[in-house]
Structures are given as structure tokens and as C-alpha cells.
Amino acid sequence: MRGPETRLSLRVVLYGINYSPEPIGIGKYTGELAAWLVARGHRVKVITALPYYPQWRVLPGYRRHWYAWDRLDGAEVLRCPLYVPSELQGRNRLLHLASFAVTSGPATIVRAMTGADVVITIVPTFLSAPLGLLAARLSGAKAWLHVQDFEVDIALNSFLRLGAAAQRNVLRFESAILRRFDRVSAITPRMVETAVKKGVKSERSVLLPNWVDTRSIFPLQEASPLRMEFGQGRRIALYSGNFGSKQGLEHLVEAARMLAHRQDIMFLLCGDGGGRSALVTQAMGLQNVRITGLRPPDELNALLNAADIHLLPQRAEYADLVMPSKLLGILASGRPVVACARSGTQLATVAESCGIAVEPERPDEIARAVVRLVDDSALRGHLGAAARSYAEQNLDRDVILSEFERALFAVCGQ
């Protein structure tokens with residue numbers, strides 16, 4: 001086993017559309033991965049987009065830039081321009097993803113050619129995968145694909161309407177690309193199984209879960225200061241994250257409507273994204289719903305601890321194609337969760353051990369689960385303790401990334 005004195009240094013190119021300082025989602029994890037690798041002595045170059053998520057607007061400090069150079073947590077970051085649509089419709093979404101592939105692909109090839117041991121491409125977006133693969137092959141580096149969600153399947157199940165023959169061709173192309181990477185990792189065991197079904201050899205597949213820093217997200221013994229701001233003496237059912245199409249947040253508002261007679265329950269929705277205006281309109285007139293923006297990162301633990309119950313909605317068609325990253329903070333905060341997930345899916349398996357899993361897109365079931373947890377403090381305490389225990393045993397950042405580092409050394413032959 002390598003000790004600190006003998007640990008080798010790798011030259012890593014990270015290629016993905018989302019990155020720090022985006023506060024949630026894939027960008028948060030890619031940024032933390034780069035910072036961790038730099039802290040371990042590796043040289044990391046990042047090719048990413050100008051930050052835009054979850055607001056779906058390029059952040060003010062970057063709007064005047066075409067390409068922007070940055071150094072963040074020791075990583076060399078090149079930010080590329082992209083089209084950010086004001087409305088997330090099918091055609092606009094494809095243009096958004098394609099624009100990043102066009103502006104970033106040549107830069108990735110050039111960055112890899114200046115010296116790389118491994119090129120790690122993050123999905124989404126899959127449109128960048130062929131370019132990441134090409135960059136690795138031209139530079140003699142190993143090609144690693146990390147799947148945060150199966151974007152092609154999601155597109156075919158939602159906004160990309162194609163005939164049967166066209167769908168088969170798209171899936172064949174996806175499989176052909178996946179098979180050519182030296183390693184393909186995914187964030188859940190079910191997603192790894194999906195990659196193998198798509199043609200990835202089992203010996204080339206790797207489990208790389210997302211993680212949580214259990215030292216910065218933890219149960220507070222005293223009352224969170226945000227409880228007074230948001231709760232007004234009521235039990236808080238909290239959703240915090242992106243207001244997007246995958247979440248099905250309208251079902252939370254409908255659940256709140258069903259519980260309008262319960263003066264002791266507040267539905268708190270904290271976030272931003274393309275669906276915010278529609279959500280505000282839908283919740284108009286409901287006294288038990290409050291919608292607010294994302295809190296600063298240094299208030300995340302206080303926000304998560306302000307909740308009595310966490311809400312994790314998800315549309316049925318995304319089962320086992322994604323794993324909501326917000327679940328990790330929920331578990332670490334030691335609060336029970338009501339998760340919309342069909343029985344047998346990866347999300348339901350986790351949720352059933354530390355909360356209640358309900359059928360997706362069923363606001364009546366959400367409402368019943370919330371009432372059950374509000375009315376049973378002993379059950380809330382038991383499930384919250386189970387959630388914290390799960391996070392400590394399975395989601396520790398250093399344990400997960402140390403395993404990933406060993407896999408990087410192995411694929412690079414070091």
C-alpha cells in the first residue's frame with residue numbers, strides 16, 4: 001500500500017459542463033473531486049462551462065467573458081461559453097448541450113495534449129463523451145467516463161421524441177461510445193448494472209458514489225436559527241435544491257394543498273431553476289407553503305437542520321437513471337425523508353431504511369407520509385438516527401475518494 005511518501009502524482013484532465021462555484025448538483029461534486037485530488041498532490045486541469053446552474057443564467061462575474069481562465073482550489077480551470085436558454089424545452093436543451101460540446105471540445109483536446117495521464121469526462125453531457133474520448137486517445141492518456149445520470153435514457157423518456165428506429169440508433173451510438181472508454185463509473189450499483197447492460201465490460205465498470213462531508217453536515221443539538229425564520233412554530237417539511245423538470249415539485253404543492261387544514265405543518269421549498277415561476281403561481285394563496293431562494297453554502301447545515309422532515313420528489317421515468325445528490329445531505333443531517341420512488345429502485349431501497357418511500361407523482365401519498373411523521377415524534381427520531389448512521393457508514397468523502405484514487409492508479413498502470 002502506498003504511503004504519503006511514495007504516493008505518485010497523476011496528471012488529470014476533468015471535463016464536464018458543471019463545476020464550482022455552482023452550489024448544488026453535479027458541479028458541486030466535480031469541484032470537490034478536483035480539490036481533493038489537488039490536495040493529494042495530483043495536477044488537475046479542468047475544462048468546464050461558465051457557471052450558470054441552478055439559476056439557468058450565467059453568474060454575473062462571468063457574463064462579460066467569452067473564455068475565462070481561473071484557478072480554484074489549486075486546479076487550473078478553463079471556462080467555455082455556452083448557450084443558456086431561458087426556457088428549458090427540448091430543442092433549447094439540446095442546443096444548450098451542443099453549444100458546450102462545440103466550444104469545449106477543441107480546448108479539451110489541446111489541454112490533454114499538453115500532458116495527461118487520464119481524461120475524466122463527466123456525464124451529463126453525453127454529447128461531450130466522444131470529445132473526451134478523442135482527447136484521451138490523441139494524447140495517449142486513459143479515458144474515464146463518470147456517469148452522474150443516464151442522460152440519453154432521460155432524454156428519450158422525456159423531451160426527445162423519436163421514432164423506434166431512431167431511438168435504437170441513438171442507443172447503439174451511446175453503447176459504442178461507452179464500450180470504448182477504459183473505465184466507466186457511475187454513482188449507484190444499479191447505474192453500474194445499467195452501464196454493463198449497455199455494453200461496458202464488467203471489469204471496466206467502477207462504482208463511484210457521491211459523498212458527503214459528515215463533519216460539516218451533522219445533526220444540531222440546539223434548535224436551528226432558521227427554524228424561527230421559516231417555521232413560525234410549525235413542523236417543517238423541506239425541499240431544498242433545483243426547481244427543474246426532473247423533480248416533479250408540483251406534487252409537493254398539491255400535497256400541501258391537501259394539508260391546508262393542518263396549521264402545524266409548513267412546506268418550505270428552497271431553491272432556484274427553470275420551474276420557479278410556475279411553482280410560485282401554483283402555490284399562490286396557500287398559507288402553508290413558502291418558497292425561497294437557495295441559502296449560502298455556510299448556512300446549509302442550519303437549513304437542513306431546520307427541517308423536521310425532508311422531501312425528495314422525483315418523476316417515475318427517472319427511476320435508477322439518476323440518484324438525487326441532495327439525498328446525501330439529508331441523510332447526514334439526521335432527519336427522516338419522504339422520497340418519491342417506486343419499490344425496488346435504488347432510491348427506494350435507501351429511503352425505506354431512513355424514511356418513507358411513496359409512489360412517484362402521488363401527492364396524496366406524500367401528504368399521508370408527512371402527516372404520519374409529524375404525528376409520530378418517536379418514528380421521526382428513529383428514522384433520523386438511521387439516516388445519520390447510514391451517512392457515516394457509507395458516504396464518507398475520504399473513504400470514497402481514496403478508493404477512486406486507487407482505481408485511477410490502477411487504470412494508469414501505477
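Read-outs: derived from the displayed coordinates by stated rules, not from any lab. Since this is a predicted model, take the numbers as computed values, not measurements. Cβ: placed from backbone, ideal geometry, glycine included. Neighbour counts: every protein chain shown.
Summary table below
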| read-out | value |
| --- | --- |
| Loop sites in the stretch 152-193: chymotrypsin sites (Phe, Trp or Tyr not before Pro), DSSP, at most 15 other Cβ within 10 Å | Phe159 |
| The chain: most fluctuating residue of Leu269, Leu162, Leu379 per GNM, C-alpha cutoff 10 Å | Leu162 |
| Relative contact order of the stretch 225-394, defined on C-alpha pairs under 8 angstrom at six or more residues apart (%) | 23 |
| Lysine-lysine proximity count for the chain, Cα under 17 Å, sequence distance 8 or more or distinct chains | 5 |
| Stretchable slack from Ser202 to Arg137, in nm (0.36 nm times residue separation minus alpha-carbon distance) | 21.3 nm |
| Mean Cβ count within 10 Å, highest first, over the residues of peptides 403-409, 134-140, 350-356, 197-203 | 350-356, 134-140, 403-409, 197-203 |
| Fraction of beta bridges assigned by DSSP in the chain that are antiparallel (%, nearest 5) | 10 |
| Computed label-point distance, nm, for sites His261 and Asp182 using a 7 Å Cα→Cβ extension | 6.4 |
| Amide H partners (placed H, <5 Å) of Val338, local residues excluded | His310, Leu311, Leu312, Ile356 |
| Per-residue [θ]222 nm for the chain (sum of -39500 (n - 2.57) over DSSP H runs n ≥ 4, rounded to 500) | -13000 deg cm²/dmol |
| The chain, relative contact order in percent, only Cα pairs under 8 angstrom and at least six apart counted | 13 |
| Extended-chain gain in nm, criterion 0.36 nm per residue less alpha-carbon gap, Glu229 and Asp73 | 52.8 nm |
| Computed label-point distance, nm, for sites Arg372 and Met113 using a 7 Å Cα→Cβ extension | 6.0 |
| Other-chain or far-sequence residues with amide H under 5 Å of Val289's (modelled H) | Phe267 |
| Between helix 363-375 and the chain: long-axis angle, C-alpha atoms, 0 to 90°, nearest 10 | 70 |
| Cα-based helix-to-principal-axis angle, 26-39 vs the chain, degrees rounded to 10 | 60 |
| Gap separating the Cα centres of the stretch 286-317 and the stretch 70-114, nearest whole Å | 29 |
| Length gained when the stretch Leu95-Phe409 is fully extended (0.36 nm per residue, less Cα-Cα span) | 109.4 nm |
| Among Pro189, Pro225, Pro336: highest mean-square fluctuation, GNM of the chain, C-alpha pairs under 10 Å | Pro225 |
